[in-house]
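This report concerns only the one structure given below.
The values are calculated or read from the model by the stated rules, or taken from the named source; none is laboratory data. These numbers come from a predicted model, not from an experiment. Glycine gets a Cβ as well: all are built from the backbone with ideal geometry, and neighbour counts include every protein chain shown. Surface areas here come from the heavy atoms of the whole protein model, side chains and all, with no ligands, DNA or RNA. Shrake-Rupley method; radii C 1.70, N 1.55, O 1.52, S 1.80 Å.
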Amino acid sequence: MLNRRNFLTAAIGVAAAGTLAACAKEDGGTSGSSGGSKTITLGFSQVGSESGWRSANTDSVKSAAKEAGYNLKFSDAQQKQENQISAIRSYIAQKVDVIAFSPVVVTGWDAILNEAKAAKIPVVLTDRSVESDESLFVTLVGSDFTDEGRRAAKMLEKVLEKAGHKGPVKIAQLEGTTGAAPAIERAKGFKEVMDADHADDWKIVVSQTGDFTRAGGKQVMAAFLQSNPDIDVLFAHNDDMGIGAIQAIEAAGKKPGKDILIVTVDGVKDGFIAMSEGKINAIVECNPLLGPQLMEVVKKVHAGETVERWIKTEESDFMQDQAKDALPTRKY
Ligand code: GZL
């Protein structure tokens with residue numbers, strides 16, 4: 001995963017990647033095109049269709065590729081790493097110009113990324129990052145998930161104050177997909193603030209993955225309520241798990257947003273609807289509309305230009321009383 005420490009290494013890697021792309025262009029390249037005016041062919045491997053965020057992200061990638069006039073080869077991995085690896089390998093065999101993907105988990109990519117490097121096909125990460133040799137990919141277009149975790153904790157402070165909560169805070173955490181960058185980093189950021197500012201009053205009493213799905217959120221929250229009926233707060237790593245949890249909370253005869261305060265991440269329309277109904281107390285936005293930025297980067301990378309190592313997305317945070325006004329202008 002990208003951080004300041006290995007930024008310089010990455011910069012050298014970028015120069016190398018840029019040279020590779022340029023070489024590919026100079027010698028007719030082994031990539032799908034020899035540059036020039038030929039249509040860019042982009043191979044894209046998507047995580048799956050597990051959440052409203054993912055659907056919006058897929059729509060953004062497909063519409064932006066169409067707008068850019070690129071030949072898009074798109075695959076849905078159904079949240080399985082082996083499917084992503086197969087898709088990337090087929091893009092290499094098809095000699096696409098650029099490969100982009102959102103890695104379902106952070107580890108296990110070095111082999112396939114080295115195959116892309118050997119084929120002189122530049123790789124762009126979108127949405128999620130990887131724990132790989134940083135020279136094996138050109139850039140990441142996506143959010144700072146650790147900061148989203150910090151923001152979630154800061155929003156919880158406001159929610160607790162607004163609710164007039166006094167004393168200890170028992171927190172249940174619905175984690176994203178095990179091993180995925182957003183799950184690892186949102187938990188890390190939230191814990192940073194908790195350890196620094198709330199070591200004596202906040203406690204995560206139970207934490208488990210709901211795999212970013214509504215069904216997972218509902219099932220795990222029901223189990224949480226059995227083992228920890230006195231939970232004060234739910235921090236869910238995405239809206240979909242929060243929405244599933246709301247169903248379990250109501251089935252247990254409790255009021256979501258009142259008996260159990262809820263903070264989630266993403267900001268999809270259904271999350272805002274739940275917030276406008278008083279069932280979610282705050283949402284940390286994670287912008288899925290990465291398509292236009294991704295296509296801009298693909299164009300530069302294909303031309304052998306150097307790009308920033310991390311192209312971050314702009315995001316906001318919303319309290320419950322902002323939901324109704326924000327809903328009409330939400331784009332996803
Ligand atoms: C975050 C993205 C996560 C979303 C989930 O950028 O990878 O995956 O938060 C989605 O909704 O499933």
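Here the Gaussian network model covers the chain, with springs between Cα atoms less than 10 Å apart; of Met275, Met221, Met194, Met194 fluctuates the most. Beyond 32 Å, what percent of the Cα pairs of the chain remain? Counting every Cα pair in the chain, those more than 32 Å apart make up 32 percent. Starting from the Cα of Lys80, step 7 Å toward the Cβ, then list every residue of segment 162-185 with an amide N under 13 Å from that point. Zone members listed by number: none at all.
Site pair Asn114 and Leu289 shows an inter-label distance of 4.1 nm when each label is modelled 7 Å from Cα along Cα→Cβ. Of the residues Trp202, Trp53, Trp310, the one that moves most in a GNM of the chain with alpha-carbon contacts below 10 Å is Trp202.
Rolling a 1.4 angstrom probe over the protein heavy atoms with all chains in place gives segment 145-286 an accessible area of 38 Å² per residue.
Got a sec? Which residues in segment 236-272 would a label at Gln322 touch, if it sits 7 Å along Cα→Cβ and we count backbone N under 18 Å? It comes to 236, 238-239, 262-272, nothing else. Considering only His165, His237, His302, the mean-square fluctuation computed in a Gaussian network model of the chain, springs between alpha carbons under 10 angstrom, is largest for His165.
Checking a compactness column here: for segment 145-286, what do you get for Rg(Cα) / (2.2 N^0.38 Å), N being the number of residues? The value comes to 0.91. Carbon-plus-sulfur accessible fraction, the chain (probe radius 1.4 Å, protein heavy atoms only): 51%.
Projecting label points 7 angstrom from Cα along Cα→Cβ for Arg330 and Lys38 puts them 4.4 nm apart.
The count of lysine pairs in segment 216-332 with alpha-carbon distances below 15 Å, taking only pairs 8 or more places apart or on different chains, stands at 10.
Measure nothing fancy, just the Cα-based angle from helix 7-26's long axis to the longest principal axis of the chain, in degrees from 0 to 90, nearest 10. In the chain, helix 7-26 runs at an angle near 40 degrees to the longest axis. For Arg89 and Ser55, a Förster radius of 22 Å and the Cβ-Cβ distance give a FRET efficiency of 0.30, rounded to the nearest 0.05. Segment 316-332 and segment 211-281 have Cα centres separated by 18 Å.
Can you give the angle from 0 to 90° between the axis of helix 52-68 and the longest principal axis of the chain, with both taken from C-alpha atoms, to the nearest 10? Compared with the principal axis, the helix lies near 30 degrees. Of all aspartates and glutamates in the structure, the ones whose alpha carbon falls short of 19 Å from that of Lys38, not counting any fewer than 8 places away in one chain, are Glu26, Asp27, Glu67, Asp97, Glu296, Glu305. Normalising the average separation of contacting C-alpha pairs (under 8 angstrom, six or more residues apart) by the number of residues puts the relative contact order of the chain at 20 percent.
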